[in-house]
1. If residue 118 satisfies every condition in (1) without any contact (Cβ under 8 Å) to a residue 60 or more places away in the chain; (2) closer than 25 Å to residue 45 by Cα; (3) part of a loop (DSSP other than H, G, I, E, B) but one, which is the exception?
2. Could you pull out every one of the helices (runs of 4 or more DSSP H) wholly within the stretch 138-246 that has 3 or more residues that are over 24 Å from residue 11 (Cβ atoms)?
3. Quick one: which residue in 199, 233, 219 is more than 26 Å from residue 17 (Cβ to Cβ), free of Cβ contacts under 8 Å to residues at least 24 places away in the same chain and surrounded by fewer than 18 Cβ atoms within 10 Å (Cβ to Cβ)?
4. Every residue in the stretch 91-134 that is in contact with a strand residue (DSSP E or B) (Cβ under 9 Å, 6 or more places away or on another chain), over 25 Å from residue 80 (Cβ atoms) and crowded, with 16+ Cβ neighbours inside 10 Å, please.
5. Quick check: anything in the stretch 61-79 at pLDDT 95 or above and over 24 Å from residue 157 (Cβ atoms)?
6. Quick one: how many residues across the stretch 51-93 are assigned to a loop (DSSP other than H, G, I, E, B) and more than 26 Å from residue 34 (Cβ to Cβ)?
7. Within the stretch 246-258, does at least one residue satisfy the condition of being more than 18 Å from the chain's Cα centre (by Cα) and at pLDDT 85 or above?
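The values are calculated or read from the model by the stated rules, or taken from the named source; none is laboratory data. This one's a predicted model, so the numbers in the text were calculated from it and none came from an experiment. A quick note on method: Cβ atoms are made from the backbone with ideal geometry, for glycine too, and the neighbour counts reach across all protein chains shown.
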């Protein structure tokens, strides 16, 4: 067997169906957006990512899965026009509120999902999918990104296949199936004839960022789904022992930044 015999997109789709970390619905994201913290606008992730984005010769950007607009807002003074696309209406309302507060007028929110028809979405010099590649078919999504880009594509994908600390899962006895790691995306792009550039950035983890036990427990349940009575009790116990009175500490997650130029030779 050679690498050409392996269908990495099919492997991705199989793992995506098995993973504990299933995509959330529009309703679930709308509910989460109501309680979104202003910390998202000040994350180290934002600054590290925009430092990776080459805007040379670019005037427009399409920000797919923009959420509350943390990247679009920071990029608004670097480009003439940004289209910020998300399927959560409440996330887009948060973006509009931030635009008003900051006096920003060159961002156009678009209420669309990955599965929708994007034929009316303008092509842009830069296409960005930041922490938003929770898709059932990776090849199809990458093709969509590539087709909408005039010059460059950037996406970020979580490294490691899990958002949770293994210590927590071990303590409560919760077994998980990890999500497909970023390497699937690299191999799918390779089979599409695209040789991307790969680098890494960080975002803040969640240790010591909880105001109370309920916030901590809801955060874990958001990721892994409902817990049984014993697991719920152990999760509360974990908070009391290791989170409640712990000193603030630096805790980071790693993200792969995967990018490519539309018109560059394959070796560049």
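1. (2)
2. 166-172, 213-224, 229-238
3. Matching residue, one of 199, 233, 219: 233.
4. 114, 133
5. Within the stretch 61-79 (the criterion being at pLDDT 95 or above and over 24 Å from residue 157 (Cβ atoms)), the answer is yes, since at least one residue qualifies.
6. Going residue by residue through the stretch 51-93, those that are assigned to a loop (DSSP other than H, G, I, E, B) are 53-59, 65-69, 76-80, 87-88.
Subset that is more than 26 Å from residue 34 (Cβ to Cβ): 53-59, 77-80.
Residues in the stretch 51-93 being assigned to a loop (DSSP other than H, G, I, E, B) and more than 26 Å from residue 34 (Cβ to Cβ): 11 in total.
7. No, there is no match, as no residue in the stretch 246-258 is more than 18 Å from the chain's Cα centre (by Cα) and at pLDDT 85 or above.
Matching residues to (1) outside any helix (DSSP H, G or I); (2) surrounded by fewer than 17 Cβ atoms within 10 Å (Cβ to Cβ); (3) at pLDDT below 80:
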site	(1), (2), (3)
1	yes, yes, yes
13	no, no, no
31	no, yes, no
47	no, yes, no
